[in-house]
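Taking it in order: structure first as structure tokens, then the write-up.
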Amino acid sequence: MIDYVLGKRILALREKVVAEFDAGDWEEVGLLTGCSGLISSHPRLLRSLSWGDEDYPGNALTIIKGIAEQDENAFDIFETHVTEKYPDESQFVSAKPSERKITFAPNVFQVPENRAIETDLVAVMMPFNAGFNVTHEGIQRACATAGYRCLRVDDIWEESTVVQDIFNLIFRAHIVVVDFTGKNPNVMYETGIAHTLGKLVIPISQSFDDVPFDMAHHRILKYLANGEGIEDMVGKLAGKLRQVSA
């Protein structure tokens with residue numbers, strides 16, 4: 001069954017195939033995936049490619065969709081082959097300047113189109129329960145004091161899946177604040193996304209024991225979840241944000 005995520009991958013692959021493929025590429029895909037018969041038996045695919053007919057994109061989509069429905073592992077091989085043979089430099093999205101750059105084509109997420117980094121945006125990744133409302137409000141105040149907008153994923157609803165909204169928010173953000181309190185697995189996962197995208201991550205926590213080992217060498221803003229502790233956190237976080245924007 002083709003779900004939303006797989007459907008988006010199919011459409012993205014179709015776009016690359018239509019832009020790059022010749023008849024030899026289709027032969028290679030058939031050989032690698034075991035789907036030569038499916039490709040050669042299509043009455044219009046290679047003919048429409050050869051003549052540049054308007055129905056070629058639709059024919060290509062039919063074959064790609066057929067491969068995905070027949071064997072998702074074969075579709076993975078197809079996708080990997082195209083990505084390796086025709087790498088897309090525009091897929092590099094790291095926000096951090098670097099002499100060495102990488103390209104990637106995520107399978108779980110779709111890289112947002114026409115989305116620039118918003119230099120005044122701070123994304124907040126933290127547990128979602130009432131016990132953190134005061135912390136969240138404190139982070140919002142710190143961001144406002146330092147001249148930033150602050151968004152959490154529950155502030156937006158753009159995609160059909162929450163994980164895509166999370167990825168989009170991190171992708172757009174200039175800075176990501178993560179609260180490790182309670183060792184929340186979602187926060188750990190989201191921190192990994194932020195680091196992979198080259199984002200500046202500011203970690204906070206009520207306890208150093210909740211900070212994962214791989215992050216222990218980073219400076220953590222420790223705070224207490226009471227009135228005085230939150231006010232102290234607001235001041236220190238606002239100062240850190242000002243330092244970053246200076």
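The C-alpha atoms of the chain define a longest principal axis, and helix 227-245 lies at about 50 degrees to it.
Rg ratio for region 4-88: its Cα radius of gyration over 2.2 N^0.38 Å, N being its residue count, equals 0.97.
Rounded to the nearest 10 degrees, what's the angle between the helix 72-85 long axis and the longest principal axis of the chain, both from Cα atoms, 0 to 90? Helix 72-85 and the main axis of the chain meet at about 90 degrees.
For the chain, what does the helix formula give at 222 nm: sum of -39500 (n - 2.57) over DSSP H segments with n ≥ 4, over the residue count, nearest 500 deg cm²/dmol? Provide the component values of the computation, followed by the final result.
Working: 10 runs with 124 residues, N = 246.
Value at 222 nm, helices only: -16000 deg cm²/dmol.
Legend: ranking of residues L31, L237 from fewest to most surrounding C-beta atoms inside 10 Å; resulting order L31, L237. Angle of helix 133-145 to the longest C-alpha principal axis of the chain, folded into 0 to 90 degrees and rounded to 10: 90°. As a proxy for reagent exposure, ranking K85, K240 by other Cβ atoms within 10 Å from fewest up yields K85, K240.
Taking 0.36 nm per residue of separation and subtracting the Cα-Cα distance, what length does fully extending D214 through T80 add? Please report the intermediate quantities before stating the final value.
Details: separation 134, 0.36 × 134 = 48.24 nm, distance 2.99 nm.
Between D214 and T80, full extension yields 45.2 nm more.
In whole percents, the pair-distance distribution calculated for region 132-246 from its alpha-carbon pairs, binned every 5 Å from zero, is 2, 11, 22, 24, 24, 13, 4, 0. The residue among Q140, W26, L13 whose Cα reaches farthest toward the positive pole of the charge dipole of the chain, with charges on the beta-carbon of Lys, Arg, Asp and Glu, is Q140. Other residues with beta-carbon under 11 Å from the beta-carbon of G147 carry, at +1 per Lys or Arg and -1 per Asp or Glu, a net charge of +1.
Absence of a disulfide-compatible partner, taken as no other cysteine beta carbon within less than 4.7 angstrom, is noted in the chain for C35. The length gained by stretching the chain between A225 and L6 to full extension, at 0.36 nm per residue less their Cα-Cα distance, is 74.6 nm.
Read-outs throughout are calculated quantities, based only on the coordinates presented, and are distinct from any laboratory measurement. None of these values were measured; they are calculated from a predicted model. Methodologically, a virtual Cβ is constructed for each residue, glycine included, from the backbone with ideal geometry; neighbour enumeration extends over all protein chains shown.
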